[in-house]
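The values are calculated or read from the model by the stated rules, or taken from the named source; none is laboratory data. Predicted, not measured: the structure shown is a model, and the values here were computed from it. We place every Cβ from the backbone using ideal geometry, glycine too, and count neighbours over all the protein chains shown. Surface accessibility is based on the protein's heavy atoms, side chains included, excluding ligands, DNA and RNA. Shrake-Rupley method; radii C 1.70, N 1.55, O 1.52, S 1.80 Å.
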Amino acid sequence: MRHSYFSYVRNVTRFRSRSRSAAYSSFFSEFDGDSTLASLKLKQSPASDDSSNVAFKKISSIYYGDSISVKKPISKRNDNTKESQSQPGISWLSNIYNNNLLLQRKGHSRKKKQKHLFEFSQENRFNKLVRICAKVLGPEATIALFGKVGRDPGIKGYNALIEMCIEKARESSDEDIVIEELGKVFHLFKLMGERGFRLEEQSYRPLLLYTIDMCMVEEFHFFCDAIKDQNASLITRLGYYEMMLWLRVNNEEKIQEICNLIAENDGEETSDLRENYFLALCESERKKEILELLEIIDIKKLSSVESVEKIFQALGRHQLEPVAENFLLDFKTSDYETNNITNFIASYAVSIPDLLVENVITKFKDLHQTLEVSPSSSSYEKLILHCCTLREVRVALDIVGEMCEGGLTLSNEMLQSILQTCEETSEYNLVHRIFSTIRQYNLETNDKTFRCMIDLFLKMKDLEGAYRMLDEMGELNLKPSASMYNTIMAECFREKNTSDGVRVLEHMQNADVMPDSETFSYLISNSETEEDVVMYYKELKESGIKPTKQIFMALINAYAACGQLEKAKQVVLDPLIPQKNLNQIKCVLVSVLAAHGQLSEAIHYYEEIKKAGHNLEPKDIMSLIEKARSNVELDRLLLLLEELNDTDYWNGACCRIILYCIWNKDISSAVNLCKLLKNKYQSNELVTEALCDKHHSDELVMKVLFDKVFSLIDGSESSHLQACLELLSEIKDKLGLVPPKEYHDSLLSAHAKTSELHNAN
């Protein structure tokens, strides 16, 4: 049985590792010849009948078919106020959808703007690259790709791939998909062994937790066997997960069997296994079994302090104070390390459920007094973290003051946790108290700590407070950095406070702090005149600062904002641009030119980028497509669409090209694109799982079309409205896509409004 299951899992680990272009070719080849992107041509459809009756009949037939008659709305030419208020506006799906989209875009844009620019290590960037590739290509194809370029994902890369497979399995309700993802994980384990990597808990933990959560007993044991085959030293640790499994499936026989094993065996050879079994039990609600085993087990003999802390957490969670006190007294009389004892007290106190933070602190102090031990920095920090979790920042600061008065020091990590909680609770004014505490006790800080405090000052619109704090850093024998001032500058410019943003440079000069490349990037990006752009770039070069790619991107955007598109084009000719960054900078130019209506120029630079073997970012391709109306060939737009592999961008771009077809009255191409969009949604695994049937999938497609296509059509353009109605009729007949009922009135009112304008003319 085990052998057959092994073979089965191995068989499902075969992946579809195709190149992106091959994947697209296969995707489009699934549709008939008339609907592929390659077959779409810019053809003028016959002139549509602009008769009011014809348009009304089309709307009726789209919703109700030809056999049902619907009363036609009466068009009036007078300016009756009540009448006009009851009619929807010209942009017929109205402002509700457009406003929602605008808010979403603003929200996404705000999220994308980082509060600080941190330097990421090469390892972190590489792991991020692994994740991105895995999302597009799949785990095995990603490994093959990195193998071709002589790189291995490494332990963290493999762990990222494993986590992605488990995430996909968790999201799916399809058994075949789940088995396939588990097969991929097994294959990744095998590859790790072949590449010489030891299988450790960080790698297998997500998999075992998933099988436990899903009560997959047979699969759990299969993977445990595979893990032990690769790393025999993991046998004892796997006992923890085995106990978790039996607790999850409520197998009383197995649970009792393991409890007996823990109680009846005290040999050295089984101590680690029994410890892991017991730690899993302590995370459960089985108070009776925990108490019975605690009478037998000598917790002083556990392998680590962390294991003992977990015991005290369980005692706190089950409110077993007498037991906890007895163990603490036993540790005290055994000359156990005092620092560990005080940590055990903290672990117990913060684990007591439904206890007010003031009572937690009282319990913490009472137990220390009973045992006649003094709290340590680490035990105080457990209390502080508990306060931050409960959003009790002021109480956390009281504890900081108490521990510092006792001669203990606070770690910088704890300080940043407090600052983060201040931001989350909007208690920005506490930054004054925090900085005062730092000065009073000379606490450990770093650049990030001060940037966090500056953020809190800026959230209160207290620029002077931020500058005053930077000026007082000298009392701590610290000097402010350029990045701290850059934080102030970035916020000023974000708030459109240009004068204060520029004035930051004066404060830097007064503090004898040299501006860096990021400083000049902000100044150039927010320059209001061409002269300022030239001046700041000249100052940057004269200061000896090496221009980064962000500087050249800022120059392009700044010149364009000043209306100097020719100078923006000249930026890419600057000899100081590193060759490796040239195409990225050209991508910015493409986006800027497209935004200013110079599509032919934008496409020229796009072709240069393609010839150099690079691709545009999805947002830049989207920018090109969004700006196209009638001065770009449809074939060109379709080629741009093929460049997109991000589903959201692809869907948005496809809708935009459908809109382009409506503007140009190319209904046949619009129908084919609607078919592509429909098939794309139906082929999306997550959508299929969520919607379960084709009918709901079609409804989703129609909602997307109304939100991103039809709602953008100006109802005052009768020819566009006629083209919309013709398209709706065609996709109903050919694709079975019927608009949702809630859009019926919008169509009728748009038709009525168009009739009024037509009659007025």
Query raised in the report: Largest first, how would 462, 366 line up by accessible area (1.4 Å probe)?
Result: 366, 462
**Report entry** Dipole moment magnitude, nearest 20 debye, the range 515-615 about Cα centre, only Lys, Arg, Asp, Glu C-beta charged
**Finding:** 500
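Hey, can you rank 318-328, 275-285 by average C-beta count inside 10 Å, highest first? Walk me through the numbers on the way to the answer.
Working: 318-328: 17.3, 275-285: 20.0.
Taking the mean over residues of other Cβ atoms within 10 Å, the ranking is 275-285, 318-328.
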Query raised in the report: With charges set only on the Cβ (+1 for Lys and Arg, -1 for Asp and Glu), what does the dipole of the range 297-435 come to about its Cα centre, in debye to the nearest 20?
Result: 160
Query raised in the report: Just for the Cα atoms in the range 487-552, what are the lengths along the principal axes, largest first, rounded to whole Å?
Result: 28, 27, 20
Query raised in the report: Ignoring ligands, DNA and RNA, what percent of the accessible area of the range 515-615 is carbon or sulfur (1.4 Å)?
Result: 50
Requested in this report: Determine the alpha carbon to alpha carbon distance for each of 254/301; 678/703; 586/611 and list only those over 18 Å.
Outcome: 254/301
Query raised in the report: So what does log10 I(q)/I(0) come out to for the range 410-511 at q = 0.13, 0.20 Å⁻¹, using the Debye formula with one equal point on every Cα and no solvent?
Result: -0.43, -1.02
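Compute the convex hull volume of the Cα atoms of the range 161-265, divide it by the residue count, and report the result per residue in Å³ as a whole number.
Details: hull volume 9.7 nm³, N = 105.
Looking at the range 161-265, the number lands at 93 Å³ per residue.
By its C-alpha gyration tensor, with a ≥ b ≥ c as the square roots of the eigenvalues, how is the range 335-476 shaped: rounded for a/c under 1.5, else prolate for a/b larger than b/c, else oblate? Could the numbers behind the result be given before it?
Numbers: a/c = 2.89, a/b = 1.79, b/c = 1.61.
It comes out prolate by the Cα gyration axes.
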Requested in this report: May I have the extent of the alpha carbons of the range 462-503 along their three principal axes, as whole Å values ordered from largest to smallest?
Outcome: 34, 18, 12
Requested in this report: Could I get the Rg over Rh figure for the range 220-361? Both from C-alpha atoms, Rh via Kirkwood, rounded to two places.
Outcome: 1.00
Report summary line: Per residue convex hull volume, Cα only, the range 460-570, in Å³ is 100
Query raised in the report: Hey, rough spin-label estimate for residue 635 and residue 218, points 7 angstrom out along Cα→Cβ, what's it come to in nanometres?
Result: 5.7
Report summary line: Inter-part gap, Cα centre of the range 385-451 to Cα centre of the range 313-381, in whole angstrom, is 23
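Please report, in debye to the nearest 20, how large the charge dipole of the range 283-351 is about its Cα centre when each Lys and Arg carries +1 at its beta carbon and each Asp and Glu carries -1 there.
Values: 8 positive and 13 negative charges, 22 e Å.
About 100 debye.
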Requested in this report: Any chance you could list P(r) for the range 515-615, counting all Cα-Cα pairs in 10 angstrom bins from zero, rounded to whole %?
Outcome: 16, 50, 28, 6
Query - P(r) of the range 387-469 over all Cα-Cα pairs, binned every 10 Å from zero, in whole percent - result: 18, 56, 25, 1
Report task. Any of 567/627; 287/363; 459/496; 168/675; 310/365 with alpha carbons more than 24 Å apart? Name them for me. Result -> 168/675
Report task. Excluding residues on the same chain fewer than 8 positions from residue 732, give the aspartates and glutamates whose Cα lies under 16 Å from its Cα. Result -> 66, 698, 699
